[in-house]
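I have placed the structure first, in the form of structure tokens, so that the comments after it can refer back to it.
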Amino acid sequence: MTAVRTQVGIVGAGPAGLTLARLLEREGIESVVLEDRSRDYVEHRIRAGVLEQRTVDLLSEAGVGERLAREGIVHHGINLQFEGERHRIPLNELTDGRGIVIYGQTEVVKDLIAARLASALPLLFDVTDVRVEAIDTDRPTIRFVDDGGEQELACDVIAGCDGYHGICRPSIPDGVLSSFSREYPFGWLGILAAVAPSSDEVVYTHHERGFALLSLRSPELSRLYLQCAPDEDLDEWPDERVWAELQRRLALDGWTLDEGPILEKGVAGIRSFVVEPMQYGRLYLAGDAAHIVPATGAKGLNLAIADVHVLAEALGHWYRTRSTALLDAYSDTCLRRAWRAEHFSWWMTSMLHRLPDADPFDLKLQISQLRYVVGSQAAATSLAENYVGLDRV
Ligand SMILES: Cc1cc2nc3c(=O)[nH]c(=O)nc-3n(C[C@H](O)[C@H](O)[C@H](O)COP(=O)(O)OP(=O)(O)OC[C@H]3O[C@@H](n4cnc5c(N)ncnc54)[C@H](O)[C@@H]3O)c2cc1C
């Protein structure tokens, strides 16, 4: 067995783990990042694509915003479509000029990996059998296996950035964490298509056949979603059927949805989940390891990056001053933002999806809410400020 020491051991090379590693590097704090998938896999895992301005600003300040500034597509509005009409919510007018930036999670991850490798700092892919131990002591340890066999990484602190299915959260003893969750009786069937987006801005659609979303990843790549069953069988969805259903749900007089080759197709669950606290001993959970939001609010990636921003500052403060004040506040600080995002994502989800057992009363409420949001400046501002991301929560 080989034993190595570092200051911060990071489990997971998703957006949370890689951003944390970069922020720690800027603070002069050592870290080792461990990832159980291959570099190719994590760089091509199609997921989120909507960045809040504060996420963009943080990545730029961390020195990984150059390509993002060049290729990211700034959006100043989003559209809500219902009862055959499309209504624009002018995000920038309602939020003092703020907007969102469309830039795929795959691209964020590629930029962060490139920066880590350029700094010649440890980032290990394809490790197996990762375990965190002694997390309630001041010498927590990560054990794992790589090409060289069994390894031991002694740390000051461990960051559990290993997503919803990772090993860090389950390593916390029973009875410590409280979990809060909501399952929704639907999922999203998502496609990535090689066709120029048919709308310059994202379109969220409430339709009698179910929710649909038209989004994009670049001027040449469209990303589209359909509400489906949580366990929808993809074999039942040949490309022609996907496009036909999208055409039905997104249809609008005088507008055409352009079709193209489907490059990727998948079904994702829609779920709300939070654990409290986000810390136990010297193990700090960040991102999807601690909370999941339905993708309707476009918050998952932004929340993950917000968590590690708080964590990096708290660790920097601790190493500089030995004061644990910010580390002690880590969980509460992050949970305030996480719960705001949970509420907003639940609210958007509830307003836009067709519940399988919805009665006419539910439907009338949804339509009334949508009319209010597009008709009232106060209601539209509430949506807009949450969508672009609140500075204070
Ligand atoms: C299918 C899907 C689609 C999504 N679409 C959207 C969207 O459209 N909009 C949006 O805002 N959000 C979306 N999300 C959510 C968003 O992508 C996540 O919130 C974001 O990836 C969170 O980043 P993270 O770093 O916390 O976790 P992850 O991205 O999950 O990264 C965790 C990393 O840890 C690694 N790992 C796991 N276990 C171990 C282990 N034992 N040892 C070492 N490494 C491990 C994983 O391989 C992964 O690389 C989607 C999520 C999914 C699953």
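Quick look at the numbers
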read-out	value
Residues within region 153-170 that are within 15 Å of the ligand (Cβ to nearest atom) and over 16 Å from Gly287 (Cα atoms), tallied	2
Enumeration of residues in region 1-57 that are touching an Asp or Glu at 6+ places or on another chain (Cβ under 6 Å) and either under 30 Å from Pro294 (Cβ atoms) or within 12 Å of the ligand (Cβ to nearest atom) (or both)	Val11, Gly12, Ala13, Ser38, Ile46
Where Ala378 falls short, out of the listed (1) in a helix (DSSP H, G or I); (2) under 30 Å from Leu226 (Cβ atoms)	(2)
Those residues of region 193-213 which are in a strand (DSSP E or B) and over 17 Å from Gln105 (Cα atoms), in sequence order	Val203, Tyr204, Thr205, Ala212, Leu213
Tabulated pairs, region 203-222, first closer than 16 Å to Gln366 by Cβ and touching a residue at least 40 places away in the same chain (Cβ under 8 Å), second surrounded by 21 or more Cβ atoms within 10 Å (Cβ to Cβ) and small (Gly, Ala, Ser), C-beta under 7 angstrom, 6+ apart or interchain	Thr205/Ala212
Filter result for Glu152 (in contact (Cβ under 8 Å) with a residue 24 or more places away in the chain, more than 26 Å from the chain's Cα centre (by Cα) and over 30 Å from Glu259 (Cα atoms))	yes
Leu226 touching an Asp or Glu at 6+ places or on another chain (Cβ under 7 Å) and over 30 Å from Cys161 (Cβ atoms)	yes
Candidate set: region 261-278, residues that are surrounded by 17 or more Cβ atoms within 10 Å (Cβ to Cβ) and away from the ligand (no atom under 15 Å from the Cβ); chosen: the one farthest from His87 (Cα to Cα)	Pro277
Flag if Arg337 is under 19 Å from Thr205 (Cα atoms) and of a type in the set (D, E, K, R)	no
Search result, residues across region 249-259 that are of a type outside the set (A, V, I, L, M, F, W, C) and surrounded by 15 or more Cβ atoms within 10 Å (Cβ to Cβ)	Arg249, Glu259
Within region 30-59, considering residues that are without any contact (Cβ under 8 Å) to a residue 60 or more places away in the chain and in contact with a Gly (Cβ under 9 Å, 6 or more places away or on another chain), the one surrounded by the fewest Cβ atoms within 10 Å (Cβ to Cβ)	Asp57
Selection within region 290-300 - of a type outside the set (Gly, Ala, Ser), assigned to a loop (DSSP other than H, G, I, E, B) and touching a strand residue (DSSP E or B) at 6+ places or on another chain (Cβ under 6 Å)	Pro294
Odd one out for Arg282 among (1) under 24 Å from the mean Cα position of the chain (by Cα); (2) over 26 Å from Arg54 (Cα atoms); (3) buried (at least 16 other Cβ atoms within 10 Å of the Cβ)	(1)
Asp362 surrounded by fewer than 19 Cβ atoms within 10 Å (Cβ to Cβ), among the charged types (D, E, K, R), without any contact (Cβ under 8 Å) to a residue 24 or more places away in the chain and away from the ligand (no atom under 12 Å from the Cβ)	yes
Residue count for region 218-236, restricted to those that are surrounded by fewer than 22 Cβ atoms within 10 Å (Cβ to Cβ) and either in a loop (DSSP other than H, G, I, E, B) or touching a Pro at 6+ places or on another chain (Cβ under 9 Å) (or both)	9
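Conditions (1) among the hydrophobic types (A, V, I, L, M, F, W, C); (2) within 9 Å of the ligand (Cβ to nearest atom); (3) without any contact (Cβ under 8 Å) to a residue 60 or more places away in the chain; (4) assigned to a loop (DSSP other than H, G, I, E, B), marked per residue:
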{"residue": "Tyr284", "(1), (2), (3), (4)": "no, no, no, no"}
{"residue": "Asn302", "(1), (2), (3), (4)": "no, yes, no, no"}
{"residue": "Asp307", "(1), (2), (3), (4)": "no, yes, no, no"}
{"residue": "Ala312", "(1), (2), (3), (4)": "yes, no, no, no"}
{"residue": "Ser331", "(1), (2), (3), (4)": "no, no, yes, no"}
{"residue": "Arg336", "(1), (2), (3), (4)": "no, no, yes, no"}
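Bear in mind that the values in this text are calculations on the coordinates, not laboratory data. In this text the structure is predicted, and so the values were computed from the model without any measurement. Glycine gets a Cβ as well: all are built from the backbone with ideal geometry, and neighbour counts include every protein chain shown.
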